[in-house]
Amino acid sequence: MVDLATRTAPVPAEPAEFPGVSIALGVPLARWSLRARDAKALAKAVGHKVPTKIGGTEGGMACLGPDEWLLRLPEGATISMGEGLPLSVVDISERAITLVLEGPRAIDVLQSGAPRDLSKFAVGEARRTIYETVEMVLIREGEERWAVDVWRSFAPYLREALVTAASHLR
Amino acid sequence: MILIHCPYCEQTLPELEFAYAGEAHIARPADPSALSDEEWEKYLFIRANPRGRHNERWRHVHGCGRFFNAVRDTATDNFELTYKAGEPRK
Amino acid sequence: MSAHRIANGGRVDRAATVNFTFDGKAYRGHVGDSLASALLANGVVLMGRSFKYHRPRGLLGAGAEEPNALVSVDRGAGRFTPNLRATAVELYEGLNARSQNRWPSLQTDFGAINDRLGMFFPAGFYNKTFMWPRSFWEKLYEPAIRGMAGLGDAPADADPDVYDATYAHCDVLIVGAGPAGIDAALAASASKKKVFLLDEQDELGGGALADPLLWPWLAESLKDLAKLPNVTLLPRTTAFGYYHDNFIGAVERLTEHLPDPGHSAREKLWRIRAGEVVLAQGAIERPLVFEGNDVPGVMLASAARTYLHRFGVAVGSNVALMAVHDSGWRDVFALARAGVGVAAIIDLRETVDRALMDEARELGLRVILGSAVFGVSGRHAVKGIAVARADGALQQKIACDALLMAGGWTPSVHLWSHSLGKLDWSEEWGAYLPGTPNENVRCVGACGGKWGFGKGLNIGALPTPRDPAKIKAFVDFQNDVTAKDIALAVREGMKSVEHIKRYTTNGMATDQGKTSNLNALQLASSALDRPVQAIGLTTFRPPYTPQTFGALAGHAKDALFQPTRKSPIDPWADAHGAVFELVAQWRRARYFPKTGEDMHAAVARECLAVRENVGIFDASTLGKIEVVGPDAAEFLNRMYTNPWKQLEPGRCRYGLLLREDGFITDDGVSARMAPDRFHLTTTTGGAARVLNMMEDYLQTEWPDLNVWLTSTTEQWAVIALQGPKARDVIAPLVEGIDLSSEAFPHMAVREGSICGMPTRLFRVSFTGELGFEINVPAAYGKHVWEQVWAAGQAHGITPYGTEAMHVLRAEKGFIIVGQDTDGTVTPYDAGLDWAVGKKKPDFVGKRSLARPDIVASGRKQLVGLFTDDLGEVLVEGAQIVADPNQPVPMTMIGHVTSSYWSATLGRSIAMALVQGGFDLLGQKLYVPMAGATIGVTVVRPMFYDPEGSRLNG
């Protein structure tokens, strides 16, 4: 594990608090993009359960597409890179940061710029989607808790947009 | 903003998650070098561009990432159906 | 006394006084007033000047349809809003409103001379008059028209307000909270459905607000709805557009009615997706067309009733009614019962409903049937009317101070039309009603033709004893279109309503013809002697009423206009004085000026530092794609022009990517990390495009290949270290990699660590010098940069930006895709034959390289240019000619793509695309510029170290 003091994040570490919602930078994570035709073979290669329905999650594993998964594990975790196998394991730990929205109004803040109907987004669901023009992976971790994985360079814009939306809540 | 059904996600979702990708069922020739200039020109540039029913490609670019096919009426913008890439023309 | 507040009644709070100003004069109104009702209560009837003739105008209506009373509201710096309808401006303490389109004042307006010169402004005036010469249009006509015509002034200051926005989803969306809309909401809310009820007014109730008998029901219903958790009530919210798949755009006004907007957002954009839409937009009363129908004090009968019952304001003390429809009678009865004097009821019909006649008699009102108003006296306010029988007989004058018009009703089918629902002509209504829907939508109440307003006539203009060609009887009040304009348009050959509309500008003003479309149709129908249905109907388009740009932009303002992407190293550059530029959405350090340096000096210094010592450059924005799987090499071999299968792990290769049409679309150096894993790089701006293109081929052309693509652009921070001392700088920082030239040659990649961080270390060069590109996980990019920076101090390390990078690569003749290529340049045109695998049977774009146009001679080819004058730096984009003395227009044979001052060479250098350029080496060409013609010599585009000896430091 590397020294935390050497890390930088594109958004402030301090959470933004509003009545009904907080917007905070999530802890660093180990992340992999996993690709394979055969979910079983992938599960065997990386040693984690692999959900097969798009939008489904299993532990830290989310199915984003018919042959695509996102695995999010605590920082420092390692998995097999699947050398030589008909699959793809790519370390994307630092490609994104996580914004965590928590509170009863979190859904309203996200819905301010996300065109999907988030009331139909189930707890435990994870999908790649969009907020205004910015792509994100949205994970509903609890009834009132949402994790947003967003590429680093888009994170300041997204955080600012979410904070702005939260500041307008009535 | 139209709604589009992604045949992979099996969800009907806002257009903003998708990107248009041109006419469907125009397969790249297996051996382009065997094609005459006229045949290659047809593959590269000639498109049906109908008023009405159009087989076309979309990509769920901000979703599952898959290219798929759709039948859309170019006059009304109404989608008749969508189907997975590789399935026969509908 | 004319317009005035009556003693009792209305929904305004008479205990709460509100001070406001109009054209600088102070007035008082009450809480619950609109600006329009408050002005009327103060006896003000003159509220605006018309668009073309500058005629004095008062209120026509009481709602969104108002065409005349347009005002500007000034809320302080940057908060100036023109063209608001006084009927839709809520009164608040300190409201500062003014009239428009007049100079020097509303009472005395010099522009009104246009009214006297009306014969010079017929229909099609603009089309006929301002045609040529062209220079007159730019220098004379347009400025003059802009000065004379137009509506309010556009605000000049930046808008200090913020705006909110959201998406929303509901099962049932109801537009319009009149009786029909409220009933629909109550019915829908009985289920578990999520219901939205929108209304553009501050108070929900619609037409019920002007009907005291309905007030108890209204209060009860709204109380019930407010209690329901599944119902959202949105007053002050205008549904302005109805788009595909039941997507509705609406704007909620949050602070426009408040004396102090505070820090709240001014407006909120609602983007609503509804399962079902219920339109309950009501109907708009039609004016009648006769001479003098625009004199202030002539207004819709229903508006007079609204002012009376909702606001407690009488529009006059002695009003007359001109009706062709029953509803106006009932409006006048309401006024009479409230004690307002009624001069006469004039109806064009010879007979009307018995009940109406009885009630008129009961109220003691004078009734004149079979007659019409043909003139109005008074210029700034109604003084009287002239009436005659339809055949011109029995002319008489009647004194009055207001004239009400009852011309029938037009259902508001605007949103229905946006949704592409069909419209059917109704003879009974004399209007179009909703027919077959195109979405899951239904119309209720008056907008669906389901409301009992009574019976009436459908007519274009009232009969007049005067010559119709010599009078101004207005159809479109806001755009000053008269009945004779429409007749003229028809005479001049316009047969379709679309042509008549554009020729006369009827319905093209900010009110979009809400009160004029149907009258214009009737007039055109008469003039063409064809049924109304045969002339067509113009299409309603969003917005239903004008909306602010701020509301439509929503959050997308200032910092949220669009994302500004910054690399992990950006904070360091910012702290070290970098001047930035935007490349796609990325903010990149362009150069790092020292005190007193301009860009030219800074870039020259940065370039020399790289050539002599070592420079450090943030290359993090380069696109990166990880290509993984057993078929990775096969896939790249099909995508790129050059061979990839034999590339050994640990080695790099320059890849050139063509589109299928044979033109260069991207390039970059890529590395084979393992037999089944490649690390690709793309241009900064091309990253997303290249990934999409590769995904397309992979998913749809070669789905059998076992290979996958993952964007790693943002996984890695990339620090380029370039210059003869690059190795010396990193040597003490790197572990696990032998940096010697033998072990780690040019175009190789190694994995190890630097400053304790894992790295993919590339030995590559975009400058021609010994160079490394240090890839480290993005979160540690700044840390590693700072360590390298510190270690480089002993070696004269210099940060350089994109400008120096451009110069350094140009000195080596390396292209930048998108600068030296423009989507029409093949590898051969760019002199990159060496990057094309001649033996490869296929790759994307290969077949096109044999297309007749691609192999033809005379294509533009990339060459270098030396100016005769060493110090002359050509302008990028400048055109090149062979003969500078030929007459204009000259034959242009190419253009400059890149041009710089090269401090290394002590002269300017340039690259250019020139027809047959490869055959012109050593030849003289010319760049004609304003004031001078610059002589240049064609050279190979390789200006520095052609042997590549410096790559080894």
- Task: Output the residues belonging to the stretch C:502-516 that are in contact with a Gly (Cβ under 8 Å, 6 or more places away or on another chain) and either hydroxyl-bearing (Ser, Thr, Tyr) or surrounded by fewer than 23 Cβ atoms within 10 Å (Cβ to Cβ) (or both).
- Result: C:TYR503, C:THR504, C:THR515, C:SER516
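What about C:LYS594, is it at pLDDT below 95 and not hydrophobic (A, V, I, L, M, F, W, C)?
Numbers: at pLDDT below 95: no; not hydrophobic (A, V, I, L, M, F, W, C): yes.
Against the criterion (at pLDDT below 95 and not hydrophobic (A, V, I, L, M, F, W, C)), C:LYS594 does not qualify.
Conditions tested, residue by residue: (1) within 8 Å of chain C (Cβ to nearest Cβ); (2) in contact with a Pro (Cβ under 8 Å, 6 or more places away or on another chain).
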{"residue": "B:MET1", "(1), (2)": "yes, yes"}
{"residue": "B:GLN11", "(1), (2)": "no, no"}
{"residue": "B:LEU16", "(1), (2)": "no, yes"}
{"residue": "B:GLY22", "(1), (2)": "no, no"}
{"residue": "B:PRO32", "(1), (2)": "yes, no"}
{"residue": "B:SER36", "(1), (2)": "no, no"}
- Could you list all residues from the stretch A:3-23 that are within 14 Å of chain C (Cβ to nearest Cβ) and not in a strand (DSSP E or B)? A:ASP3, A:LEU4, A:ALA5, A:THR6, A:ARG7, A:THR8, A:ALA9, A:PRO10, A:VAL11, A:PRO12, A:ALA13
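How many residues, within the stretch A:64-89, are buried (at least 18 other Cβ atoms within 10 Å of the Cβ) and either farther than 24 Å from B:CYS9 by Cα or more than 14 Å from chain B (Cβ to nearest Cβ) (or both)? Break it down into steps so the answer makes sense when it comes.
The first filter runs over the stretch A:64-89 and keeps only residues buried (at least 18 other Cβ atoms within 10 Å of the Cβ), leaving A:64-65, A:67-72, A:81-82, A:85-89.
The next check asks that each one be either farther than 24 Å from B:CYS9 by Cα or more than 14 Å from chain B (Cβ to nearest Cβ) (or both); those that pass are A:71-72, A:81-82, A:85-87, A:89.
Final tally of qualifying residues: 8.
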- Got a number for residues in the stretch C:764-794 being crowded, with 23+ Cβ neighbours inside 10 Å and in a strand (DSSP E or B)? 6
- Message: Checking the structure you have, find out if any residue of the stretch C:886-903 is modelled with pLDDT of 95 or more, of a type outside the set (Ser, Thr, Tyr), crowded, with 19+ Cβ neighbours inside 10 Å and assigned to a loop (DSSP other than H, G, I, E, B).
- Response: yes
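So that you can scan it fast, the table gives a plain yes or no per residue for (1) within 14 Å of chain A (Cβ to nearest Cβ); (2) within 20 Å of C:ARG79 (Cα to Cα); (3) assigned to a helix (DSSP H, G or I):
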position	(1), (2), (3)
C:ALA527	no, no, yes
C:ARG530	no, no, no
C:GLN533	no, no, yes
C:THR538	no, no, no
C:ARG541	no, no, no
C:PRO568	yes, no, no
C:TRP572	yes, no, yes
- Query: Quick one: which strands (runs of 3 or more DSSP E) sit completely within the stretch C:204-322 and have at least 1 residues that are touching a Cys at 6+ places or on another chain (Cβ under 7 Å), buried (at least 22 other Cβ atoms within 10 Å of the Cβ) and not charged (D, E, K, R)?
  - Reply: C:267-279, C:283-285
- How about the stretch C:681-700: which of its residues are small (Gly, Ala, Ser) and away from chain B (no Cβ under 12 Å)? C:GLY685, C:GLY686, C:ALA687
- Note on the structure: The number of residues in the stretch C:549-580 that are surrounded by fewer than 18 Cβ atoms within 10 Å (Cβ to Cβ) and in contact with a Leu (Cβ under 9 Å, 6 or more places away or on another chain) is 3
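Anything in the stretch C:19-39 that is over 21 Å from C:ARG286 (Cα atoms), in contact (Cβ under 8 Å) with a residue 40 or more places away in the chain and among the hydrophobic types (A, V, I, L, M, F, W, C)? List them, or say none. Quick ask: steps written out before the conclusion?
The first filter runs over the stretch C:19-39 and keeps only residues over 21 Å from C:ARG286 (Cα atoms), leaving C:19-35, C:38-39.
Then keep just the ones that are in contact (Cβ under 8 Å) with a residue 40 or more places away in the chain; that gives C:19-24, C:29-35, C:38-39.
Scanning the stretch C:19-39 gives C:PHE20, C:PHE22, C:VAL31, C:LEU35, C:ALA38, C:LEU39.
Listed residues A:SER80, A:SER112; which is more than 18 Å from the chain's Cα centre (by Cα) and assigned by TED's automatic domain parsing to the domain that holds A:ASP38?
Values: A:SER112 fails: assigned by TED's automatic domain parsing to the domain that holds A:ASP38.
Among A:SER80, A:SER112, only A:SER80 is more than 18 Å from the chain's Cα centre (by Cα) and assigned by TED's automatic domain parsing to the domain that holds A:ASP38.
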- Query: If we scan the stretch C:428-440, do we find a residue that is acidic (Asp, Glu), touching a residue at least 60 places away in the same chain (Cβ under 8 Å) and not assigned by TED's automatic domain parsing to the domain that holds C:GLY249?
  - Reply: no
- Message: Looking only at residues that are surrounded by 21 or more Cβ atoms within 10 Å (Cβ to Cβ) and among the charged types (D, E, K, R) in the stretch C:612-637, which one is farthest from C:GLY837 (Cα to Cα)?
- Response: C:ASP618
- Message: Can you pull out every residue in the stretch C:837-885 that is crowded, with 16+ Cβ neighbours inside 10 Å, more than 12 Å from every other protein chain (Cβ to nearest Cβ) and hydrophobic (A, V, I, L, M, F, W, C)?
- Response: C:LEU862, C:VAL863, C:LEU865, C:PHE866, C:VAL873, C:LEU874, C:ALA878, C:ILE880, C:VAL881, C:ALA882
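Conditions tested, residue by residue: (1) polar (S, T, N, Q); (2) in a helix (DSSP H, G or I); (3) farther than 18 Å from C:ASN517 by Cβ.
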position	(1), (2), (3)
C:ASP424	no, no, no
C:TYR432	no, no, no
C:GLU439	no, no, yes
C:ARG442	no, no, yes
C:GLY452	no, no, yes
C:ASN458	yes, no, no
C:THR464	yes, no, yes
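Could you tell me whether any residue of the stretch B:39-52 is of a type in the set (Lys, Arg), under 13 Å from the mean Cα position of the chain (by Cα) and within 10 Å of chain C (Cβ to nearest Cβ)? It would help to see each step written out before you state the result.
Of the residues in the stretch B:39-52, the ones of a type in the set (Lys, Arg) are B:42, B:47, B:51.
Going one step further and asking which of them are under 13 Å from the mean Cα position of the chain (by Cα), we end up with B:47.
Then keep just the ones that are within 10 Å of chain C (Cβ to nearest Cβ); that gives none.
No: the stretch B:39-52 contains no residue that is of a type in the set (Lys, Arg), under 13 Å from the mean Cα position of the chain (by Cα) and within 10 Å of chain C (Cβ to nearest Cβ).
Checking the condition more than 18 Å from B:SER33 (Cα to Cα), in contact (Cβ under 8 Å) with a residue 24 or more places away in the chain, not assigned by TED's automatic domain parsing to the domain that holds C:VAL938 and not hydrophobic (A, V, I, L, M, F, W, C), which residue from C:GLY831, C:GLY864 passes?
Values: C:GLY864 fails: not assigned by TED's automatic domain parsing to the domain that holds C:VAL938.
It is C:GLY831.
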- Item | Filtered residues of the stretch A:42-63 (kept if on the phi > 0 side of the Ramachandran plot and within 12 Å of another protein chain (Cβ to nearest Cβ)) | A:GLY55
- Message: If the requirement is being among the hydrophobic types (A, V, I, L, M, F, W, C), under 14 Å from C:ASN293 (Cβ atoms) and part of a strand (DSSP E or B), which of these qualifies: C:ALA343, C:ALA386?
- Response: C:ALA386
- Output the number of the condition that C:CYS170 fails; it satisfies all remaining conditions of (1) touching a helix residue (DSSP H, G or I) at 6+ places or on another chain (Cβ under 9 Å); (2) modelled with pLDDT of 95 or more. (1)
- Note on the structure: Given (1) out of contact with any Cys (no Cβ under 6 Å at 6 or more places or on another chain); (2) touching a residue at least 60 places away in the same chain (Cβ under 8 Å), B:TYR8 misses just (1)
- Message: Six or more apart or on different chains, Cβ atoms under 8 Å: show the pairs whose first residue is in the stretch A:116-144 and facing chain C (nearest Cβ under 10 Å) and acidic (Asp, Glu) and whose second is surrounded by fewer than 20 Cβ atoms within 10 Å (Cβ to Cβ) and in a loop (DSSP other than H, G, I, E, B).
- Response: A:GLU132/C:ALA556
- Task: Run B:GLY86 past the list (1) at pLDDT below 95; (2) over 13 Å from the mean Cα position of the chain (by Cα) and report the number of the one that doesn't hold.
- Result: (2)
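The values are calculated or read from the model by the stated rules, or taken from the named source; none is laboratory data. This one's a predicted model, so the numbers in the text were calculated from it and none came from an experiment. A quick note on method: Cβ atoms are made from the backbone with ideal geometry, for glycine too, and the neighbour counts reach across all protein chains shown.
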